[in-house]
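Asker: Please find one structure pasted underneath; my questions will follow.
The values are calculated or read from the model by the stated rules, or taken from the named source; none is laboratory data. Everything numeric in this text was worked out from a predicted model, so none of it was measured. With ideal geometry, Cβ positions are generated from the backbone for all residues, glycine too; neighbour counts draw on all protein chains shown. Just the protein is used for accessible areas: all its heavy atoms, side chains included, with ligands, DNA and RNA removed. Shrake-Rupley method; radii C 1.70, N 1.55, O 1.52, S 1.80 Å.
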Amino acid sequence: MSLYRSAVWFVKGLREYTKSGYESASKDFVPNDLEVQVPGRVFLVTGGNSGIGKATALEIAKRGGTVHLVCRDQARAEDARSEIIRESGNQNIFLHIVDLSDPKQIWKFVEKFKQEHKLNVLINNAGCMINKRELTEDGLEKNFATNTLGVYILTTSLIPVLEKEHDPRVITVSSGGMLVQKLNTDDLQSERTPFDGTMVYAQNKRQQVVLTEQWAQGHPAIHFSSMHPGWANTPGVRQAMPGFHARFRDRLRSEAQGADTVLWLALSSAAAAQPSGCFFQDRKPVSTHLPLARTFSSPAEEEKLIEILEQLAQTFK
């Protein structure tokens, strides 16, 4: 990562990604966009037991949507489900325990889900930032397995389910950190370079943005989007980036503020009117590249990413 990219991104972050950035942007929001009821529509939220995922699931539940929570930790997930039902009065909250770093579990879950449920909106929210290189039981680097391969398998395998429904959408919670990374398909599992968990996470988030653009081109019946929630005060940030959290705690967005654009993309008719494949921040499509940062990738590089992920995905089916 160049010093130029990191400096520009950090200045941009202090201005736009903090709580004050949200408060400034929200002055232009259309309040009616989220004054909707969605009974009968079905939403799947990964990582829905805490942070932005839980805040998103709760607001969907309040509007009458059926919510499927896909979580890794049974006890925390059951607590979250009970809380969402209690606060929303909505009983249609379902729980699925899946480790999204385990491709075999994802394939198994999807096969069962397809037989039993319909789906209107998929929200890829679950994320992983591990600061030391760890491998899964399958020998996959854990950040890549969760953030990239897991998202790829879950999304591509649910596309046939989504395409059957009215107004299908896929929202992937990415990160502004991806702005400091150019797509790199030569070392997807961080085997040949010194391991930096923050940069690996940012590279995964760049991969998610590229995947979103590719899916939008290949599946025009579905509205795809990726988004940046800003710098939010979530359990994930506190755990993975304790130094950052301690330094900026008072300036971080609330979980609800971080979830706002996810909700807008999932629920509003205004979001569906935007072109598919865009990257959003505070309800607006924004550039996926910093000025002069040289982070653009070629069509060949993007095709290579898809090819590698598809081959990997099929080995676990």
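Asker: Within the range 71-87, can you find the residues that are over 19 Å from Gly258 (Cβ atoms), out of contact with any Cys (no Cβ under 7 Å at 6 or more places or on another chain) and surrounded by 20 or more Cβ atoms within 10 Å (Cβ to Cβ)?
Answerer: Of everything in the range 71-87, just one residue is over 19 Å from Gly258 (Cβ atoms), out of contact with any Cys (no Cβ under 7 Å at 6 or more places or on another chain) and surrounded by 20 or more Cβ atoms within 10 Å (Cβ to Cβ), namely Arg81.
Asker: So, one more: State yes or no: is Ile130 modelled with pLDDT under 95, open to solvent by less than 50 Å² (accessible area, probe 1.4 Å) and among the hydrophobic types (A, V, I, L, M, F, W, C)?
Answerer: In short, yes.
Asker: Right, here's the next one. Have a look at Leu162, Leu149, Leu179 and point out the one that is within 20 Å of Glu307 (Cα to Cα) and open to solvent by less than 10 Å² (accessible area, probe 1.4 Å).
Answerer: Leu149
Asker: Ok, one more. Quick check on my filter: what residues within the range 108-127 are more than 23 Å from Ser175 (Cβ to Cβ) and buried (at least 17 other Cβ atoms within 10 Å of the Cβ)?
Answerer: Correct list: Phe109, Val110, Phe113, Leu119, Asn120.
Asker: Something else about it: I need the full set of residues from the range 160-187 which are under 21 Å from Ala293 (Cβ atoms) and either touching a residue at least 12 places away in the same chain (Cβ under 8 Å) or among the β-branched types (Val, Ile, Thr) (or both), in order please.
Answerer: Answer for the range 160-187, where residues must be under 21 Å from Ala293 (Cβ atoms) and either touching a residue at least 12 places away in the same chain (Cβ under 8 Å) or among the β-branched types (Val, Ile, Thr) (or both): Ser174, Ser175, Gly176, Gly177, Met178, Leu179, Val180, Gln181, Lys182, Leu183, Asn184, Thr185.
Asker: In addition: With the checklist (1) free of Cβ contacts under 8 Å to residues at least 60 places away in the same chain; (2) touching a helix residue (DSSP H, G or I) at 6+ places or on another chain (Cβ under 6 Å); (3) of a type in the set (Ser, Thr, Tyr) in hand, flag the one item Thr148 doesn't pass.
Answerer: With (1) free of Cβ contacts under 8 Å to residues at least 60 places away in the same chain; (2) touching a helix residue (DSSP H, G or I) at 6+ places or on another chain (Cβ under 6 Å); (3) of a type in the set (Ser, Thr, Tyr) applied to Thr148, the lone miss is (1).
Asker: Here's a check for you: in the range 15-53, which residue that is without any contact (Cβ under 8 Å) to a residue 40 or more places away in the chain and within 29 Å of Val200 (Cα to Cα) is surrounded by the most Cβ atoms within 10 Å (Cβ to Cβ)?
Answerer: Filtering first and then ranking leaves Asn49.
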